[in-house]
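Asker: For reference, the structure I am asking about is given below.
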Amino acid sequence: MILFENVSFRYPGAEEWVLKDVSVEIKKHEFTAIIGGNGAGKSTFCKVINGLIPYYYVGDFEGKMSINGEDAAASNVASLSSKVAYVYQDFENQLVRPKVLDEVIFSPLNYGYKDYIERGKRALELLDLTHLADEYVWQLSGGQKHLVALAGALALTPEVLIIDEPVAQLDPAHAIQLYEKLKYLHSELGLTILVIEHHTEFIANYCKDVMLMEKGSVKWKKPVKEALNSVEELTEKHIHPPQVTMAAFHERPLSEQLPVTLEEAGRWFENYTIHEKGMPFTVSPEKQQSIVEFNGVHYGYKTLSRKIVPVIKDLQLQIKTGDRIALVGSNGAGKSTILKLISGLIKPLQGDVFYKGDSLKKVSPEKRAEKIAHIYQNPEEMFIEDEIRKDISFFLKVRNHPAQEEITNRIVQQFNLEVLKHRDGRLLSGGQQRRASLAIGLAMQPEVVLLDEPTASLDIATRKKMIAMLGELDSSVKAAVIATHDMQLVAEWATRVVVLNRGEVIADTTPQELFSNQFLLREASLVEPQIVSLCHELKIHPVELTIDGFLRRIKWEESASECFSKVL
Amino acid sequence: MSVFQKFFSKLTVENIKIELMRTAYGNEPTPLAKLDPRMLILWVLIYSIIPWLTHNQTILIGLTLFTAVLAYMSRVSPLLIFLLIVGVISQFTYLVFAAMFLGNSFTVLIAVIPVTMKVATVSLATMAVFTSMDPEKFSDALLKLGVPGKFSFGVSYGYRMLPILIEEYQNIIHSFRLRGKLPAKPGFLYSRYVFYYIKMCIMAFYPMMLNTAKRTRTTVEVLEVRGFSYTLENNIAKDIKLNYLKMTKYDYYFIGISTLITALIYIVGYQFPL
Amino acid sequence: MSINKERKLTQSQKMMVFVLSMSLFGLSKMITELLPSNEVGPIEFSISYFAFIPLILAALFHPLYVAVGASVGNIVFAGLLMGDFGGIGEIEGFIEFTLAIYVAGLLVRNPLSKVQLAIASLVGVGIDQLLSTIVDIGKVWFGVEGFDAVPGLPESIVVLEGVSFLNEMVITGVLVGLIPTLILTPKLYGKIEPLLGMRPRDAKVETSIGSYITPGLIATIVILTFVGMIAEFIAEMDMNLAFWSADFINQFADDQKWIGYSAWVILAAGAIFIIYKLVRKKGSGTADLDQAA
């Protein structure tokens, strides 16, 4: 249906081709994932399909792209985009109208369809959003906004749907919800769907084909199973196959068919025996000193009608020296609010927060900053200077710290920012931005560091690096608190997990116990790492949180293996 | 507690934000909202000009009262109307004092009364119409009246983006506060604090400008894909979209009653000039 | 070469500049409305608007789209959304502000030149404030029957408006206009343009002489018109003014001091004009060199 024949493209004045001699065919009714590192040309490829290239971004375009046999060269953005819908990664900026219904009728109205209202309503119905029609877009949650963006794209009844990294901005529960919708659109409405996706676990569960891009060209396009089985090639390109695939690969690298989904893995490991292991030996907590303490804290925000919606209810919580706390819970559970209450960006309505026994009621955020560093979810909002180095030294400089040069230099080195230090934070890549934001926080030499979603929207390779970096925090701070959706991070980093649900602490436990307790996971709508699910599937108890741990718990049964391979 | 302390204690960004949002999104339906916005715009224009064409005080009193009643009808609270009039008067207070001082006479006091009423009439008329008009409707009306499509887009885009922009600005301000340092002493009349905050407000626009630029690029690209530029070139969509703007019998009633009352005011004014 | 050619934009880039300017200035306008204001007598120590935002953008991008965008943002955010819409009064503000920013933008030919930025900032805010001062005076003039017959009124309106004009020039023009513009423009230059997919303006190349006679003319015309109008206005009213004399209190009986005041205004305008001329000369000098080279 979509046919690329030797397509190349480069931006005006640029030397390098962003797309190089791309020839590929996407057939009707495909569900294809596009993978590849940064700068592989994934977005550019997709923008050729909806005509933004070459009609909007004028540049050197060579070759031929056709949809349904129609040459795109004889078309324009308007007619191409009514066939091809596009949902951006920063979908927030895609929503341009105040209310939901306005938003979904926007495209059909612009293209002059008489039945624009019906079209919009139909799109809302398709995604079960009808009840939101009269809401203001800004009042919706992130997941809802993404669906509205999708509905807006669907209102033109396109044949092709392109979605750019949907999971990056959504929490895992919403990501699953979104993919379920996509699955429905694909199977029921027969849409051809293309997703740019890093998360191979989603690819394995939902996509049919995988297309790998590298440096502007299409390396290959294979069925999903075959694609994810190329473990070595993928890891080399910093794409990480699903955890179950990795586990199986480490177990038997030469196996012909590695499992890619949980289900397959269950069967694949069926004939393995499991080592028993008692509950892990927990060190009886030494005398830890309490640093931050919440005492009966209530917090809520005002709505338009000046009513107060409670966010945090009667919170009692102690953060002690040596703690690595992960705050988990679904959106709106109050994770970020707790961080803000500690750093003083917001004040409790009732109750009090104490720092080493002293009330923080009358302490300004500026003063608290001398002990507490708060690192935002969105690093871009932390860059207030025109270069990284100035951002790092800002805190020290306004305080005339005698050793500001020294500390700044040390931090720059520690975070490997030597090359980037004179660049503006906003112009860095996602991973570099995170690194810089962490550096900014630690240059404040805090005792407590608060991090909001430090691994959000990072690709998996960068995320791994980030987790490793967070592991080294202990050497410089007394306690660290991370609010996160990333269960991988919880599993590998935290020593203590505080589970929140609607503003209340429903559990204060260890990662091990959290992941062993499926009931708790469900109640807080958390999505466990795949390897943990596999443990549940294979009845490994207590669960293992890492692939290595998992591999240590299973054993290959010689006799069973033979019949296993016969079955295959 | 001094006024300043009160001000700073209330100046949590959260509170300001919610007040802003309330004014922007908390519209309630009013009687005037049912009318055709184009007609209302025309009406305001006329009422912004009429008062300046006469010096007859009876007419001016009549016009002020009429617009005050209309403002009241469109649910502007009486208190706000009162405050508005006080505000208009105080605008001229310094002028009156200065003139009395320089001119050594009280005539200015009387001379200023008509101009006060003129300004009040215009303000009340504007208030009556625009408190009840949804910004979207207003922009549709302008579009229909031939104002470029970009303006009407600007209105709804602002309507949409306002909360996001405020949120982002708030976060950047927070960033400054989380790393900055309050002046050790408040200074004379809290001037050091004021200076600290104002400097922060200005410097926060540096990151804000860059972040908004990034955002803008996606938005404009999206507008292209979603056919906005296509509409600007064609009139199909405009016609479909603005189809709902129709003069109804209520509009004619409104015009009729308005004309009648205005005429009455003029007749009375010429008969009994003050 | 015209401004259009120098800062040539595609349709979508125009839209981006418009949207950018609109959102930023609109937001800033809302913030300034919330900032505390301090009144000492008739003088109000408050910030009317963050002049530096449109000034910087006008220096970096096409000034027309920046100017229109900022004015629209002002109406949309501070007016319509905040329920503070002034009806017909907004049109007047729209024209004044758009003209002011447009002229300011035209005056900047090299966004890295501090002198040009400084002049543009002052001229930009100056035009806006001058025009609104005229309108304010006009309102009282039209609104009061027998304006000149009321003793003391014409003088006091000019004095008050003059004071508020100067006050605005200091706060809006310098504190939140000139100074932030000088600090932030070089920081943003070369950084913000690529984010919109544009190439930064070439800082080194000066355009040919013909291209900036127009902005020069516009600026001088606006200034001269205003000075002329004020002068004529005052002359016709034959009013008494005592403002710039040292022994202020004693002067109330004196009838001749208004000349001093208007002379001051003319002087200031003249000074701006001469500085501008000099800069222009300097600019054209470099252009000649470039052409020679």
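What follows is calculated from the coordinates using simple rules that are stated; it is not laboratory data. Since the model is a prediction, treat every value here as computed from it, not as a measurement. Cβ coordinates were reconstructed from backbone atoms using ideal geometry, including for glycine residues, and neighbour counts include every protein chain displayed.
Asker: For the range B:209-226 and the range A:343-368, write down the distance between their C-alpha centroids in whole Å.
Answerer: 38 Å
Asker: Along each principal axis of its Cα atoms, how long is the range A:85-169 end to end? Whole angstroms, biggest number first, please.
Answerer: Principal axes ranked by extent give 36, 28, 21 Å for the Cα atoms.
Asker: Report, please, the projected area of the range A:451-501 averaged over directions, based on the convex hull of its C-alpha atoms, in nm².
Answerer: Across all orientations, the range A:451-501 yields a mean hull projection of 3.7 nm².
Asker: Please compute P(r) over all alpha-carbon pairs of the range B:147-243, binned at 10 Å starting from zero, and give each bin as a whole-number percent.
Answerer: Pairs per bin, as whole percents: 13, 32, 23, 16, 11, 5, 0.
Asker: Further, regarding this structure: Let me know the volume per residue of the alpha-carbon convex hull for the range A:1-61, in Å³.
Answerer: 81 Å³
Asker: Cα axis of helix A:172-188 to longest principal axis of chain A: angle in degrees, 0 to 90, nearest 10?
Answerer: 10 degrees
Asker: Let me ask you something else. Test of the criteria: in the range B:150-246, which trypsin sites (Lys or Arg not before Pro) are in a DSSP loop and have at most 15 other Cβ atoms within 10 angstrom of their Cβ?
Answerer: Listed in order of number, the matching sites are B:246.
Asker: Relative contact order for chain B using alpha-carbon pairs under 8 Å, separation at least 6, rounded to a whole percent?
Answerer: About 30 percent, as a whole number.
Asker: If the only charges are +1 at each Lys and Arg Cβ and -1 at each Asp and Glu Cβ, what is the size of the charge dipole of the range B:147-243 around the Cα centre, to the nearest 20 debye?
Answerer: 580 debye
Asker: For chain A, take the longest principal axis of its alpha carbons; what is the angle in degrees between that and the long axis of helix A:116-126, to the nearest 10 within 0 to 90?
Answerer: Computed tilt is about 60 degrees.
Asker: Translational D (Stokes-Einstein, µm²/s) of the range A:113-223 at 4 °C and 1.567 mPa s when Rh comes from the Kirkwood sum over C-alpha pairs?
Answerer: The calculation lands on 85 µm²/s.
Asker: Could you give the nm distance between label points at residue A:290 and residue B:72, where each point is 7 Å from its Cα heading toward the beta carbon?
Answerer: 6.0 nm
Asker: If you don't mind, another one. Would you mind getting me the FRET efficiency between residue A:413 and residue A:27? Use the beta-carbon distance for r and R0 = 56 Å, nearest 0.05.
Answerer: 0.60
Asker: Please give the FRET efficiency for residue A:60 paired with residue A:517, using the beta carbon to beta carbon distance and R0 = 56 Å, rounded to the nearest 0.05.
Answerer: 0.45
Asker: Over all distinct Cα pairs, what is the inverse of the mean 1/r for chain B, reported as the Kirkwood hydrodynamic radius in Å?
Answerer: Its Kirkwood hydrodynamic radius stands at 22.9 Å.
Asker: Multiply the residue separation of residue B:101 and residue B:218 by 0.36 nm, subtract the distance between their alpha-carbon atoms, and state the gained length in nm to one decimal.
Answerer: Computed gain between residue B:101 and residue B:218 is 36.2 nm.
Asker: Okay, next question. Under the Kirkwood approximation for Rh and a Cα-based Rg, what ratio Rg/Rh is obtained for chain A?
Answerer: Taking Rh as the inverse mean 1/r over Cα pairs, Rg/Rh reads 0.98.
Asker: How high is the relative contact order of chain A, given as a whole-number percent (alpha carbon pairs under 8 Å, six or more residues apart)?
Answerer: After rounding, I find 13 percent.
Asker: Follow-up question, since we're still on this one. Taking Cα atoms, how many degrees apart are the long axis of helix A:460-471 and the longest axis of chain A, rounded to 10 and kept between 0 and 90?
Answerer: 0 degrees
Asker: Related question: Using the Kirkwood radius over Cα pairs, work out the Stokes-Einstein diffusion coefficient for the range B:48-157 at 37 °C and 0.692 mPa s, in µm²/s as a whole number.
Answerer: Diffusion coefficient, whole number: 206 µm²/s.
Asker: May I ask for log10 I(q)/I(0) of the range A:430-474 at q = 0.15, 0.24, 0.31 Å⁻¹, from a Debye sum over the Cα atoms as equal point scatterers with solvent left out?
Answerer: Reported log10 I(q)/I(0), two decimals: -0.34, -0.87, -1.31.
Asker: Next question. Pop the C-beta distance of residue A:270 and residue A:189 into the FRET formula with R0 = 35 Å and round what comes out to the nearest 0.05.
Answerer: E between residue A:270 and residue A:189, to the nearest 0.05, is 0.45.
Asker: Bin width 5 Å, alpha-carbon pairs only: give the P(r) of the range A:397-544 as whole percents, running from 0 to the bin holding the largest distance.
Answerer: The calculated distribution, bin by bin, is 2, 8, 16, 18, 17, 14, 9, 7, 5, 2, 1, 0.
Asker: Taking the simple approach of a point 7 Å from Cα along Cα-to-Cβ for both residue A:298 and residue B:52, what is their distance in nm?
Answerer: Reported label-point gap for residue A:298 and residue B:52 is 5.5 nm.
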